[in-house]
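Before any comments, here is the structure.
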Amino acid sequence: MSTNGSAPVVEVQGLSTRFGDRVVHREIDLVVRRGEVLSIVGASGSGKTALLRQVIGLHRPQAGTVHVFGHDLYRSGARTQREIRSRWGVLFQGGALFSALDVFANVAFPLREQRTLPPDVVTDLVMLKLSLVGLHPADATKKPAELSGGMVKRAALARALALDPELLFLDEPTAGLDPVSAEAFQDLIRTLRRELDLTVVMITHDLETLAALSDRLCVLADQRVVAVGPLDEIARVDHPFVQEYFARIEKQAQ
Amino acid sequence: MRTAGPKAITWGVPIAFLRTETTLDGGRRMVVSGAWTLDGLRGQTRSLRAPLAAGAGDPAATWDLASVEALDAAGAALLWRTWRRRRPERLHVRPEHEALLGRFAGLSGEPPQPAPPDPLEPIAALGRGSLEAVGHVTGLVELLGQLVLDVGFLIRHPGRIPWREWSANLYRTGATALPITALVGFLIGIVVSYLSAQQLQTFGANVFIVDLLGISILRELGPLLSAILVAGRSGSAMTAQLGVMRVTQELDALSAFGVSRTLRLVLPKVLALSVALPLLVLWTDALALAGGMLAADLELGIGSTVFLRRLPEVVPIANLWIGLGKGVVFGLLIAVVACHFGLRIRPDTESLGAGTTSSVVTAITVVIVADAVFAVAFSGVGLR
């Protein structure tokens, strides 16, 4: 599977969403380039998570197309879909760890599903991923219910990274983390980006993470994308939500 | 020289390659190339196993990773395992892959292993099982006691009676169960009537079908059938609802507001089912008798007028009261058992499934045990 270096990793065109009578998205266009970190920001209820769910193929949009790695996500065969899905990793907002499995089995799950590696190699890989996200080997046998909120996030990230994905979706990765852990998380993403040539699509409300990691921002408001671009460009966009939002960032920076 | 991997090379598809060479001085040289990634290794691990093991068995072998195009954690892990988790003495590796291999070197090793099986495990399991059984009994008694206290509280504070929850539960457990209990009752009535009719005909005792159906349905079949249906239907729903409320921390939220979960969640369910089940029993009785009457007419020629005139003459009304009384008790038991299991569910999916299963099984068992108690206690009533 050869992908042109300059081709967008994710391309959303004319996407519209309705839940019953409520219109969430109107004709959204969005491009994620290879190797960048794109953050989606917007007020609560502006449809950030809904957009993410459509991009990862969990919710078919009423109109519009989603291309991932150059394939139309909703019009490709089961084989292509499976291939696409093994090339991305998703960190869900609440972690979405399998509660019946312990941390080790959660992280090993996608690796075992691939049926490529022998069990002892899977063990090494899982332990590597756990140490990568800063989890102790002793945590491997814990069930998700025994973990703290921050540890759930880390374990879920380890699972999302299990297959060495090219594309990583993060839904509120630092929400509920203390500032130190949040900073460690930012470092982690930076390192992974450098080493794995990672493309990241992230939803976050954490202004520090936003400023520290994002190459570009995509602002959702009034059911549309009102601005896309680097942080300093966006700050100049004349839109009430954008202005109010970035006044906060500046205030925090001072 | 040996080559692992497929004979034909498909360009554009990442594949992991391994070649074993003999160097000029007679040593072994393992040339690793291609894509040592999860994608590249797919379908290759089996054919790579033998050459990798051979290379690993030779401590003097040189490992040449310089022509590796792509290396990810999966490929690195496979090599690391092959090297028995040690860096080979002669290793050529690209600087950009060095960091990845270095990370494995820093790993602390195996995950903590589960404790070895205890030889006394069967005895421990027996003890745990008994303690759990005792726990269930004390839990049920505690819950019943709490419900009595709650009723006392509500008698003193009638304004706090949760009427809305009660009526919602009454509708959910009672009204929506009407179709299924009607169908099952009617069919069982027909079946019992048909089978008995054939036996009675041989003795010429046709008319006793009314006595037989009247007593068996009113006293036994009606209450038991509706109780078992309701235990499967509403008991499981109650357990699952409380269990999910535990998983989503709604139970904790209630407690944080200082709202008693037994008063707000359990009591309305128990009271609603104690009212709904006797009404369902009455309904099932009626439909089962109708089914029996139909079959009696078709099979024995006993018309509905004869049937209905004979019914009150030969079946003492006490049988109906016993049946309805059973309905009240069964309803109470099913709801208490369902809530007890619901409140004990731990916040994971497996516990939810197991809790719902044991709730239904226990509820049905408890209903049948209670039915036996009724049979013995009221053996002198209503049978002449």
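Each residue of region B:280-294 was assigned a 3J(HN,Hα) from its phi angle through the Karplus curve 6.51 cos²θ - 1.76 cosθ + 1.60 (θ = phi - 60°); the sequence is 5, 4, 4, 5, 5, 3, 4, 5, 5, 5, 4, x, x, 5, 4 Hz, with glycine and proline shown as x. Determine, from the Cβ-Cβ distance of A:Asp222 and B:Arg87 and an R0 of 56 Å, the FRET efficiency 1/(1 + (r/R0)^6), rounded to the nearest 0.05. Efficiency computed from Cβ-Cβ geometry: 0.45.
Legend: mean number of C-beta atoms from other chains within 10 angstrom of residue C-beta atoms, peptide A:113-120, equals 5. Semi-axes of the equivalent ellipsoid for region A:143-240, computed as √(5λ) from the eigenvalues of its C-alpha gyration tensor and ordered from largest down, come to 26, 16, 13 Å. When only alpha carbons are used to place a centre, region B:183-198 and region A:201-234 end up 70 Å from one another. Based solely on its DSSP helices, what 222 nm [θ] is calculated for chain B when runs of n ≥ 4 H residues each add -39,500 (n - 2.57) and the sum is averaged over all residues, nearest 500 deg cm²/dmol? Helix contribution divided over all residues of chain B: -21500 deg cm²/dmol.
For the peptide B:78-87, the mean number of other protein chain Cβ atoms found within 10 angstrom of a residue's Cβ is 2. Counting charges near B:Asn206 (Lys, Arg +1; Asp, Glu -1) among other residues having Cβ under 13 Å from its Cβ returns a value of -2.
Angle of helix B:236-247 to the longest C-alpha principal axis of chain B, folded into 0 to 90 degrees and rounded to 10: 40°. Proximity of backbone amide H atoms, modeled 1.01 Å from N, is registered between A:Arg34 and A:Val9 at under 5 Å, excluding neighbours fewer than 5 places apart on the same chain. Other protein chain C-beta atoms within 10 Å of residue C-beta, averaged over B:38-45: 5. Loop-located trypsin sites (Lys or Arg not before Pro) in region A:106-152 (DSSP state other than H, G, I, E, B) with a sparse environment of at most 10 neighbouring Cβ atoms within 10 Å: A:Arg115. Rolling a 1.4 angstrom probe over the protein chains, ignoring ligands and nucleic acids, what is the accessible area of A:Asp232 in square angstrom, nearest 10? Taking all protein chains as shown, A:Asp232 has close to 100 Å². The phi-based Karplus calculation (6.51 cos²θ - 1.76 cosθ + 1.60; θ = phi - 60°) puts the 3J(HN,Hα) values of region B:161-166 at 5, x, 4, 5, 4, 4 Hz, whole numbers, x for Gly and Pro. Let me know the shape class of region A:211-254, please: from the alpha-carbon gyration tensor, a ≥ b ≥ c as square roots of the eigenvalues, rounded when a/c is under 1.5, otherwise prolate if a/b is greater than b/c, or oblate. Because a/c hits 1.5 or more and a/b fails to exceed b/c, region A:211-254 counts as oblate. Ligands, DNA and RNA are left out, and with a 1.4 angstrom probe the accessible area of region B:7-105 is 51 Å² per residue. Take the Cα radius of gyration of region B:7-105 and divide it by 2.2 N^0.38 Å, N being the number of residues; the result is 1.01.
Computed over Cα pairs, the Kirkwood radius of the protein assembly as shown leads via Stokes-Einstein (1.002 mPa s, 20 °C) to a diffusion coefficient of 70 µm² per second. Pairs of alpha carbons in region B:129-377 separated by more than 30 Å make up 35% of all such pairs. For region B:114-265, the square roots a ≥ b ≥ c of the C-alpha gyration tensor eigenvalues yield an a/c of 1.5 or more together with a/b not exceeding b/c, which makes the shape oblate.
Dipole check for the protein assembly as shown: with +1 at the C-beta of Lys and Arg, -1 at the C-beta of Asp and Glu, and the Cα centre as origin, the magnitude is about 680 Debye. Shown in residue order for region B:248-264 are the 3J(HN,Hα) couplings computed by the Karplus curve 6.51 cos²θ - 1.76 cosθ + 1.60 at θ = phi - 60°: 8, 6, 5, 4, 5, 4, 4, 4, 5, 7, x, 8, 6, 6, 5, 5, 8 Hz (x for Gly and Pro). Distance between the modelled labels on B:Leu107 and B:Leu131, one decimal in nanometres: 3.6 nm (7 Å Cα→Cβ projection). Highest GNM mean-square fluctuation among B:Gln199, B:Gln44, B:Gln113, for chain B modelled with Cα contacts below 10 Å: B:Gln44. Bridges between two residues of the protein assembly as shown, per DSSP, are antiparallel at a rate of about 50%. What's the Kirkwood radius of region A:66-116 in Å, using all Cα pairs? Its Kirkwood hydrodynamic radius stands at 12.8 Å.
Along the Cα-to-Cβ line of B:Ala256, 7 Å from the Cα, sits a label point; which residues in region A:149-191 have backbone N less than 17 Å from it? Taking a point 7 Å out along Cα→Cβ of B:Ala256, the residues of region A:149-191 whose backbone N falls under 17 Å are A:149-150, A:176-177. In this structure, the amide hydrogen of B:His92, modeled 1.01 Å from its nitrogen in the peptide plane, lies closer than 5 angstrom to those of B:Trp63, B:Asp64, B:Leu65, counting only residues at least 5 positions away or on a different chain.
The values are calculated or read from the model by the stated rules, or taken from the named source; none is laboratory data. Being a predicted model, the structure only gives us computed values, none of them experimental. Cβ sites come from the backbone with ideal geometry, for glycine too, and all protein chains shown count toward neighbours. Side chains included, ligands, DNA and RNA excluded: accessible areas come from the protein's heavy atoms. Shrake-Rupley method; radii C 1.70, N 1.55, O 1.52, S 1.80 Å.
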